[in-house]
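Novice: The structure is given below, and queries will be raised subsequently.
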Amino acid sequence: MTKLLEVNNLKKYFEKSMGWFKTLEQTKAVDDVTFHINKGETFGLVGESGCGKSTCGKTILKLYSPTAGSLFYEGNDITNLNRREMFPYRRKMTIIYQDPFASLDPRMTVGGIISEPMEVHKLHTKEERENRVMELATRVGLTDEQVSRYPHEFSGGQRQRIGIARSLALDPDFIVADEPVSALDVSIQAQIINLMQDLQKDMGLTYLFIAHDLGVVKHICNRIAVMYLGRIVEIAERDTLFANPMHPYTRALLSAVPVPDPRVKPDQIILKGDVPSPVNPPSGCTFHTRCPKVFDRCDKDAPHLTEVEKDHWVSCHLYG
Amino acid sequence: MSEKLLEVEDLRTYFYTDEGVVKSVDGVSFEIKKGETFGLVGESGCGKSVTALSIMKLIPDPPGKIVSGKIEFEGEDLAKLTEKQMQKIRGNKISMIFQEPMTSLDPVFTIGSELIETIQLHQDLKKDEAYGQSVEMLKLVGIPDPERRMKQYPHELSGGMRQRAMIAMALACRPSMLIADEPTTALDVTIQAQILNLMEGLKEEFNTSVLLITHDLGVVAQYCTNVAVMYAGNIVEYGSVYDIFEEPKHPYTKGLIKSLPSLDKNVERLEILEGNVPSLIDAPKGCRFQPRCDVCTDKCIDSFPDLRYVTESHMVRCHREAGK
């Protein structure tokens, strides 16, 4: 398998000056994250709100400039490319956003929304673009007549289809899907997931799938990374992760998902307290404040992601 | 059989808008027994929240109006009560928690002053007694350091904490029924588990009935005794959790359960329900689900099916199932 994307020790800190004396406050949104994505696979990034999964996705696309670390796309270092140098990569890497209500320009028709990326990249003649728009619209399940309408005339699921058509306009290889189905109803969610899988098969796409719904992630992803407070705590193949979760956080996360079967009463691991603020993350292992298996080493040393079994990486002192 | 606490019969709540009459709730009937958790499930726009607001009589009028129906609570028909009489019921006997705790707490008051206000409004207590009871309630819902939290404003609390504060407020007067409208939808899974278990514990302690409104079938399966599935303003299936999850009869319920990605088995493709929820202004004449149904017949297009019993505890609104 060839690696499409490599992320090495990626960090993204946000700084904000606070108070009278302008003391800098640092939010460590992404803190030392390393992983790679193979060509043609769907790599899942899961975690709860504020864990840095979306920031991670956006930093990979260089929509935020990384604070430290390096990014390789098809073997090329894209970490320090400027806007102009990034331009050719923008055709290959795109994003699908979470909220289909906020991510589409309300004053543009669906056709305009889908063809805009092609105009920006000066691709095709006007006529070719129009044909391409129709082709893409049909591909994602919109009718010809809907192309001349405006976003507000569509339901959430259909808007997400428009967003997908737009991100396909440049014929990309890699798509960051940032919670693409979490704003949708269950029955619509399944429609969009199936569409994304069909497109992947037909066009050979690679996805970075960011989500908090473990059921969805399990269904669509090949490999999964679990994030907590800006760090990756576990990476494994899908079936390994669900059959044998190792990190106490992953275990708690999996056990907390309500099972849609009234006869199954899982042993829930209820975590105490809330997720600490990433402005002032706990010392040592950032999970130690809520960890049910905490011991004396945890608040002192930060654990590193180590390969415990083949292709199963865990960042926890229990497996050190 | 335990006693019934609330009986809703043929409730119809319509909204009169410029585009036409939106029949958000169109003939909904169900009953909730003492001490049970009753689930009302459905997708957005199916009328589940409007049903809850109708029970509380909090429908904005105009444009909304409870057109007909009976809401019998502890032997009294709430639909007939005046606003003044309703105020004695709300918060005292029936209280409600909402999806987004940030928008339902007033940002200019401290948690403490809101709690004290709630308690003093409904009980004849002095301020310091109300204060004591407030601290007690916060402790009960698992908020650490309650005295400090009493002085804080809603924005200083995390989402989970705010929802705990809301629950403390809702349960302060020991209501006999709690309506929880998507109480954990805005929260993360690990926090969701905390809140749902807290509600479960408090329900036992106070013998409160809970009307749990949600779109999450997992939450329903784990926490409810009886369930009603709503689609486009109607209840399409009604029964115990076992009836609904093990022997779903209505094509919509079946489709919903099948379209869930499962955690314990792998499937190639998800089964999907084609199409979208119909508009509630010009609802189709026959069965409301008929345009999306893959087993529909001519009868389904022409006539609206009734909710009929298939077993003693299980009802379904479908021509095919009821005809068997």
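Each reported figure results from applying straightforward, stated rules to the coordinates on display, with no laboratory input. Given the structure is predicted, the values throughout are model-derived calculations rather than measurements. When we count neighbours, we look across all protein chains shown, and the Cβ atoms used for this are built from the backbone with ideal geometry, even at glycine.
Novice: For the peptides A:161-171, B:276-286, B:121-131, A:243-253, what is the packing order when you average, over each peptide's residues, the other Cβ atoms within 10 Å and list the highest mean first?
Specialist: The densest-packed peptide leads the list: A:161-171, A:243-253, B:276-286, B:121-131.
Novice: Exceeding 32 Å between C-alpha atoms, which entries from my cross-link table qualify? They are A:LYS53/B:LYS249; B:LYS48/B:LYS93; B:LYS88/B:LYS249; B:LYS57/B:LYS126.
Specialist: In this structure, A:LYS53/B:LYS249; B:LYS88/B:LYS249 lie more than 32 Å apart at Cα.
Novice: Next question. Which of the peptides B:78-84, A:296-302 is most tightly packed, and how do the rest follow, judged by the mean count of other Cβ atoms within 10 Å per residue?
Specialist: Result, highest mean first: A:296-302, B:78-84.
Novice: Of A:MET86, A:ALA68, A:GLY141, which is farthest towards the positive pole of the range A:61-158's charge dipole, taken about the Cα centre with +1 and -1 on the beta-carbons of Lys, Arg and Asp, Glu respectively?
Specialist: Working it through, the farthest residue towards the positive pole turns out to be A:ALA68.
Novice: May I pose another question? Identify the chymotrypsin sites (Phe, Trp or Tyr not before Pro) of the range B:43-127 meeting these criteria: DSSP loop state and at most 16 other C-beta atoms within 10 Å of the C-beta.
Specialist: When the chymotrypsin sites (Phe, Trp or Tyr not before Pro) of the range B:43-127 are filtered for loop state and at most 16 Cβ neighbours within 10 Å, B:PHE109 remain.
Novice: Residue by residue through B:265-277, how many Cβ atoms from other chains fall within 10 Å of the Cβ on average?
Specialist: The mean count of partner-chain Cβ atoms within 10 Å per residue comes to 5.
Novice: For peptide A:265-271, compute the average count of partner chain beta-carbon atoms within 10 Å of each residue's beta-carbon.
Specialist: 3
Novice: Using alpha carbon centroids, what distance separates the range B:102-173 and the range A:252-320, in Å?
Specialist: 31
Novice: Additional query: With a 10 Å Cβ neighbour count serving as the proxy for reagent exposure, in which order, fewest first, do A:TRP313, A:TRP20 appear?
Specialist: Ranking A:TRP313, A:TRP20 by Cβ neighbours within 10 Å, fewest first, gives A:TRP20, A:TRP313.
Novice: Pop the C-beta distance of B:GLN85 and B:PHE206 into the FRET formula with R0 = 22 Å and round what comes out to the nearest 0.05.
Specialist: 0.40
Novice: Okay, next question. I'd like to compare A:72-81, B:208-217: which one has the highest average count of other Cβ atoms within 10 Å, and what's the full order after that?
Specialist: Highest-to-lowest ranking by the protection proxy: B:208-217, A:72-81.
Novice: Now for a separate question. Could you work out how far the C-alpha centroid of the range B:281-302 sits from that of the range A:100-151, in angstrom?
Specialist: 33
Novice: Let me ask another. At 7 Å along the Cα-to-beta-carbon direction for both A:ALA243 and B:GLU3, put a label point, then send me their distance in nm to one decimal.
Specialist: For the pair A:ALA243/B:GLU3, the computed spacing is 5.4 nm.
Novice: Which value in nm describes the separation of the simple spin-label points at A:TRP20 and B:SER313, placed 7 Å from the Cα toward the beta carbon?
Specialist: Reported label-point gap for A:TRP20 and B:SER313 is 6.7 nm.
Novice: Set the Förster radius R0 to 30 Å, insert the Cβ-Cβ distance between A:VAL120 and B:SER44 as r into 1/(1 + (r/R0)^6), and round the FRET efficiency to 0.05.
Specialist: 0.30
Novice: For A:ASN222 and A:ASN280 in one chain, what is 0.36 nm times their gap in residues minus the Cα-Cα distance, to one decimal in nm?
Specialist: Here the segment from A:ASN222 to A:ASN280 would lengthen by 17.5 nm.
Novice: Further, regarding this structure: Considering only DSSP states other than H, G, I, E and B, which trypsin sites (Lys or Arg not before Pro) in the range A:56-146 qualify as loop sites with at most 13 other Cβ atoms within 10 Å?
Specialist: For trypsin sites (Lys or Arg not before Pro) across the range A:56-146 that sit outside H, G, I, E and B with at most 13 neighbouring Cβ atoms in 10 Å, the list reads A:ARG107, A:LYS122.
Novice: Could you state the number of Å between the C-alpha centres of the range A:13-86 and the range B:6-54?
Specialist: Spelled out, the Cα-based centre of one part sits 45 Å from the other.
Novice: If you take the beta carbon distance between A:ASP171 and A:ILE270 as r and set R0 to 56 Å, what does 1/(1 + (r/R0)^6) give as a FRET efficiency, to the nearest 0.05?
Specialist: After rounding, the FRET efficiency stands at 0.75.
Novice: At A:LYS201 and A:GLU309, where each label point lies 7 Å from the Cα along Cα→Cβ, what is the point-to-point distance in nanometres?
Specialist: Modelled inter-label distance: 2.9 nm.
Novice: Turning to a different aspect of this structure: Applying the Karplus parametrisation 6.51 cos²θ - 1.76 cosθ + 1.60 with θ = phi - 60° to the phi angles of the range B:111-122, what ³J(HN,Hα) value in whole Hz is obtained for each residue in order, glycine and proline being reported as x?
Specialist: Running phi through 6.51 cos²θ - 1.76 cosθ + 1.60 with θ = phi - 60° gives 4, x, 5, 5, 5, 4, 4, 4, 5, 5, 5, 9 Hz.
Novice: Sort A:ARG263, B:ARG317 so the one with the fewest other Cβ atoms within 10 Å of its own Cβ comes first.
Specialist: Final ranking by Cβ density, sparse to dense: A:ARG263, B:ARG317.
Novice: Are there GluC sites (Glu not before Pro) in the range B:237-324 that DSSP puts in a loop and that have at most 10 other Cβ atoms within 10 Å, and which ones?
Specialist: Those that pass, being in a loop and sparsely packed, are B:GLU268, B:GLU312.
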